[in-house]
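Note sheet for the following structure.
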Amino acid sequence: MSSQPARRRRLEVEDIGDIAVVNFVDKKILDEQNIQMIGDDLFRLVDELGRRKVLLNFANVEFMSSAALGKLITLHRKLQAVQGKLVLTNIAKDILDVFKITKLDRILTIAPDEQAGLQMF
């Protein structure tokens, strides 16, 4: 048996038409290593897989550190650079409050639920 720990999936990606719908596996996105892996996986969607429409569904997420916000901004910029679009949905009230305080709600497209988010593309 290998001593290398299996890399746990942090994201589940489902394609709905030409939109990559991303669901987070973890309820808490807090530690730096997890945030780095999530960021890498999200960036790969755009950089390697050529995705232009990405919907992030936060339905499962209860807590998120500010370091994770940086990854979202980077993803948003990557998509903007290729005429793509990022939409965030189902954000818990506490996390949404942070988005409002940091004014990220003015930069990022936020929808109340996945269905509304899909219609924003």
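The values are calculated or read from the model by the stated rules, or taken from the named source; none is laboratory data. These figures come from a predicted structure and were not determined experimentally. For neighbour counting, all protein chains shown are included, and Cβ atoms are generated from backbone atoms with ideal geometry for every residue, glycine included.
Does the range 45-63 include one or more residues that are among the polar types (S, T, N, Q) and within 25 Å of Gln119 (Cβ to Cβ)?
Scanning the range 45-63, I find at least one residue that is among the polar types (S, T, N, Q) and within 25 Å of Gln119 (Cβ to Cβ), so the answer is yes.
So how many residues does the range 18-55 have that are over 17 Å from Asp97 (Cα atoms) and in a strand (DSSP E or B)?
The qualifying residues number 9.
Could you tell me how many of the residues in the range 11-30 are crowded, with 18+ Cβ neighbours inside 10 Å and either at positive phi or of a type in the set (Lys, Arg) (or both)?
0
Could you tell me which numbered condition Val61 fails, if it satisfies all but one of (1) assigned to a helix (DSSP H, G or I); (2) under 11 Å from the mean Cα position of the chain (by Cα); (3) surrounded by 15 or more Cβ atoms within 10 Å (Cβ to Cβ)?
It fails just one condition, (1).
Of all residues being among the β-branched types (Val, Ile, Thr) and part of a helix (DSSP H, G or I) in the range 64-113, which is surrounded by the fewest Cβ atoms within 10 Å (Cβ to Cβ)? Just the residue, please.
The extreme case among them is Ile101.
Give the residues of the range 71-90 that are under 11 Å from the mean Cα position of the chain (by Cα) and of a type outside the set (Lys, Arg), sorted by residue number.
Leu72, Ile73, Thr74, Leu75, His76, Leu86, Val87, Leu88, Thr89
Which residue is nearest to Leu55 (Cα to Cα), if the candidates are limited to the range 103-121 and must be hydrophobic (A, V, I, L, M, F, W, C) and touching a residue at least 60 places away in the same chain (Cβ under 8 Å)?
Among residues in the range 103-121 that are hydrophobic (A, V, I, L, M, F, W, C) and touching a residue at least 60 places away in the same chain (Cβ under 8 Å), the one nearest to Leu55 (Cα to Cα) is Leu118.
Suppose we keep only residues that are among the aliphatic types (A, V, I, L, M) and more than 14 Å from the chain's Cα centre (by Cα) within the range 91-104. Which one would you say is modelled with the highest pLDDT?
Ile101
So, in the range 31-58, how many residues would count as being over 20 Å from Ile16 (Cβ atoms) and crowded, with 18+ Cβ neighbours inside 10 Å?
The number of residues fulfilling the criteria is 4.
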